[in-house]
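To start, the structure under review is shown below, and the notes come after it.
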Amino acid sequence: MDQLQPLWSPVRLTLELASVATLCLLVVATPLAWWLARSRAKWKEVVATIVSLPMVLPATVLGFYILILLGPDGPGGALANLWGARTLAFTFTGLVIGSVISALPTVVQPIRNAFAAIGDRPLEAAATLRASPWQAFWRVALPLASPGLLSGAVLGFSHTVGNFGVVLMIGGNIPGRTRVMSTAIFDYVESMQWREANILAGGMVVFAFCVILSMILIQKRFEGSGL
Amino acid sequence: MKPSIFAVACGLFAAALAPSAMAAQTHVAVAANFTEPAKEIAALFQNKTGHEAILIFGPSGGFYAQITQGAPFEVLLSADEERPRLAVENGFAVPESRFTYAIGKLVLWSRVLDVTDGQAALEAGNFSKISIANPASAPYGAAAIETLKALGLYDALQPKLVQGSSIAQAFQFVDTKNAEIGFVALAQLYGNSEGARWLVPEKLHASIRQDAVLLKKGADNEASKAFLAFLKGPEARGVIERYGYGLDIYAAREPAPAR
């Protein structure tokens, strides 16, 4: 049991990171997805493309630019100055920012699709019943889009758990602070501690299996209920 | 004069043709920190022997895992002596072929602080983060820890340590100024005059021996054996030294003594 102790710290940190990142992702992605689904602006697909870029860029490239973004010469450094730090790299906050940027496309997409699938009619009906656009959004659109929101949250959470390249590039591998599961596994493989690597990797496989299975079940359930 | 020019031309023509007639290829797995010198050496090697060395760059630990799974590498230029030794021990490499091709030199480097007197800078501790390579997997990282311990500063500086997964990443943290100061390889500063540096005295840490070994896959390959022989030769050693590595005096002797 003592041998497993060092394995717990990256697991706990990963779960904390993924939870915080998922919350931030929902806050950022929901209005963005709403705008992308409803706006008639011609340049909205340009924005959609920019949001999708992290999906295509190699993690090392993305990670390198996030490292510069977080650094003393970037906006992250300016932000860190507010509380007297030099950089956001090597911090939990930095990892959250990196995770949100890299998982954004996977979260925006299902939510946008869900909003688009609602169509104009339920919102027009709400308007005829004197609902303000704000009320229509909260009471009609959001509940109707909840399967999409749920998919987005699950995907964002699991993307963050599986995120390796970006975290490796900006984390600095500090035990208990920035050493998450994926980088811990990499370390164990690199230093030939394959037993520890196997345990963590095995846990990740089980986790991924559960996530994908629950996604499929959620989808089936909503399809069954006529949505 | 004319006949001699003709003879020279014929000679050049023959020289150009001759090696290619028996040219072969070898696949060399090269530790990432040795990327630039390896490219130069491979070019010189091809000019001289006509053989082609196809270089694959990556982390030594990753290479070792791949070799145990039958990767098609014929030569390994590792960043340490551990992996080549293990490759021999576990039957993936030719035992007598192992030798030290380069000895890494550790440097304290900064783009924001004056570290010309590294020991004083480390003692002053006017920085929030100090970057090193992962000591568990990268010899440069282990040497950095040994240095801090030898200076009696490890306990004081330990909370400020950030680790790159490789020496390349440790360099990146300092280069982007995310860490004010860090231990990098002298070879990484080749052609780079930026910032201030302090060459860590070699007595402060065990020497960073980078070993090469002929893998079983290349045991019968002419080009693989020729590449390792070339790596011990004066042209290659000139390149290695120019990039800021030390040389093992024993490696130049033929045959290399078993260690």
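The values are calculated or read from the model by the stated rules, or taken from the named source; none is laboratory data. Given the structure is predicted, the values throughout are model-derived calculations rather than measurements. Glycine gets a Cβ as well: all are built from the backbone with ideal geometry, and neighbour counts include every protein chain shown. Surface accessibility is based on the protein's heavy atoms, side chains included, excluding ligands, DNA and RNA. Shrake-Rupley method; radii C 1.70, N 1.55, O 1.52, S 1.80 Å.
Do we have any residue at all in segment A:74-90 that's within 11 Å of another protein chain (Cβ to nearest Cβ), open to solvent by 40 Å² or more (accessible area, probe 1.4 Å) and not in a helix (DSSP H, G or I)?
Here is the first cut: in segment A:74-90, the ones within 11 Å of another protein chain (Cβ to nearest Cβ) are A:74, A:76-77, A:80, A:84-90.
Add one more test, that the residue is open to solvent by 40 Å² or more (accessible area, probe 1.4 Å), and what stays is A:84, A:86.
Then drop every residue that is not not in a helix (DSSP H, G or I), which leaves A:84, A:86.
Scanning segment A:74-90, I find at least one residue that is within 11 Å of another protein chain (Cβ to nearest Cβ), open to solvent by 40 Å² or more (accessible area, probe 1.4 Å) and not in a helix (DSSP H, G or I), so the answer is yes.
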Note to self: Would you confirm whether or not segment B:180-198 contains a residue that is in contact with a Lys or Arg (Cβ under 8 Å, 6 or more places away or on another chain), β-branched (Val, Ile, Thr) and more than 14 Å from chain A (Cβ to nearest Cβ)?
What the structure shows: no
Next item on the list: Just give me the residues in segment B:160-177 being at the interface with another protein chain (Cβ under 7 Å from one of its Cβ atoms) and touching a residue at least 60 places away in the same chain (Cβ under 8 Å), in sequence order.
Entry: B:Ser165, B:Lys177
Checklist line | Residue ID - modelled with the lowest pLDDT, chosen from residues in segment B:174-192 that are under 27 Å from A:Gly76 (Cα atoms) and part of a loop (DSSP other than H, G, I, E, B) | finding: B:Asn192
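Please go through segment A:12-60 and pick out each residue that is over 30 Å from A:Met181 (Cβ atoms) and surrounded by 14 or more Cβ atoms within 10 Å (Cβ to Cβ).
Initial filter on segment A:12-60 (over 30 Å from A:Met181 (Cβ atoms)): A:31, A:34-49.
The answer is A:Trp34, A:Trp35, A:Leu36, A:Ala37, A:Arg38, A:Lys44, A:Val47, A:Ala48.
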Next item on the list: Pick out, from segment A:127-227, the helices (runs of 4 or more DSSP H) lying fully within it that include 3 or more residues that are open to solvent by 60 Å² or more (accessible area, probe 1.4 Å).
Entry: A:133-136, A:146-162, A:194-224
Check: What strands (runs of 3 or more DSSP E) lie completely within segment B:48-125 and have 1 or more residues being over 30 Å from B:Thr147 (Cβ atoms) and not hydroxyl-bearing (Ser, Thr, Tyr)?
Finding: B:52-58, B:75-77
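Okay, residues lined up against (1) outside the structural domain of B:Gly218 (by TED's automatic domain parsing); (2) not aromatic (Phe, Trp, Tyr):
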| residue | (1), (2) |
| --- | --- |
| B:Phe99 | no, no |
| B:Ser110 | yes, yes |
| B:Gly118 | yes, yes |
| B:Glu123 | yes, yes |
| B:Asn126 | yes, yes |
| B:Pro139 | yes, yes |
| B:Tyr154 | yes, no |
| B:Leu157 | yes, yes |
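Quick grid of which residues meet (1) under 27 Å from B:Lys177 (Cβ atoms); (2) away from chain A (no Cβ under 14 Å):
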site: B:Phe63; (1), (2): no, no
site: B:Ile67; (1), (2): no, no
site: B:Val112; (1), (2): yes, no
site: B:Gln119; (1), (2): yes, yes
site: B:Pro135; (1), (2): yes, no
site: B:Ile145; (1), (2): yes, no
site: B:Leu153; (1), (2): yes, yes
Margin query: Name the residue that is farthest from the other protein chains (Cβ to nearest Cβ), counting only residues in segment B:33-54 that are without any contact (Cβ under 8 Å) to a residue 40 or more places away in the chain and within 24 Å of B:Gly141 (Cβ to Cβ).
Written below: B:Ala38
Item checked: Index of the failed condition, B:Asn221 passing every other in (1) under 20 Å from the mean Cα position of the chain (by Cα); (2) over 30 Å from A:Pro75 (Cα atoms); (3) polar (S, T, N, Q) -> (1)
Notebook entry, point to check: If B:Glu89 passes every condition in (1) under 25 Å from B:Arg237 (Cβ atoms); (2) of a type outside the set (Lys, Arg); (3) at pLDDT 90 or above but one, which one does it miss?
Noted result: (1)
Next item on the list: Just give me the residues in segment A:135-164 being of a type in the set (Gly, Ala, Ser) and either over 30 Å from A:Glu190 (Cβ atoms) or modelled with pLDDT under 90 (or both), in sequence order.
Entry: A:Ala136, A:Ala141, A:Ala145, A:Ser146, A:Gly148, A:Ser151, A:Gly152, A:Ala153
Next item on the list: Report yes if B:Ser137 is within 22 Å of B:Gln210 (Cα to Cα), in a loop (DSSP other than H, G, I, E, B), touching a Gly at 6+ places or on another chain (Cβ under 6 Å) and open to solvent by less than 30 Å² (accessible area, probe 1.4 Å), otherwise no.
Entry: yes
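Which residue is farthest from the chain's Cα centre (by Cα), if the candidates are limited to segment B:178-211 and must be charged (D, E, K, R) and over 18 Å from A:Ile174 (Cβ atoms)? First the steps, then the outcome.
Taking segment B:178-211 first, the residues charged (D, E, K, R) are B:180, B:194, B:197, B:202-203, B:209, B:211.
If we keep only those that are over 18 Å from A:Ile174 (Cβ atoms) too, we end up with B:194, B:197, B:202-203, B:209, B:211.
Details: B:Glu194: 22, B:Arg197: 20, B:Glu202: 17, B:Lys203: 20, B:Arg209: 9, B:Asp211: 8 Å.
So the residue we want is B:Glu194.
Could you tell me how many of the residues in segment B:83-104 are surrounded by fewer than 19 Cβ atoms within 10 Å (Cβ to Cβ) and either touching a Phe, Trp or Tyr at 6+ places or on another chain (Cβ under 8 Å) or closer than 21 Å to B:Gly62 by Cβ (or both)?
Going through segment B:83-104, the residues surrounded by fewer than 19 Cβ atoms within 10 Å (Cβ to Cβ) turn out to be B:85-86, B:89-91, B:94-96, B:103.
Okay, now just the ones that are also either touching a Phe, Trp or Tyr at 6+ places or on another chain (Cβ under 8 Å) or closer than 21 Å to B:Gly62 by Cβ (or both), so B:85-86, B:89-91, B:103.
Counting residues in segment B:83-104 that are surrounded by fewer than 19 Cβ atoms within 10 Å (Cβ to Cβ) and either touching a Phe, Trp or Tyr at 6+ places or on another chain (Cβ under 8 Å) or closer than 21 Å to B:Gly62 by Cβ (or both) gives 6.
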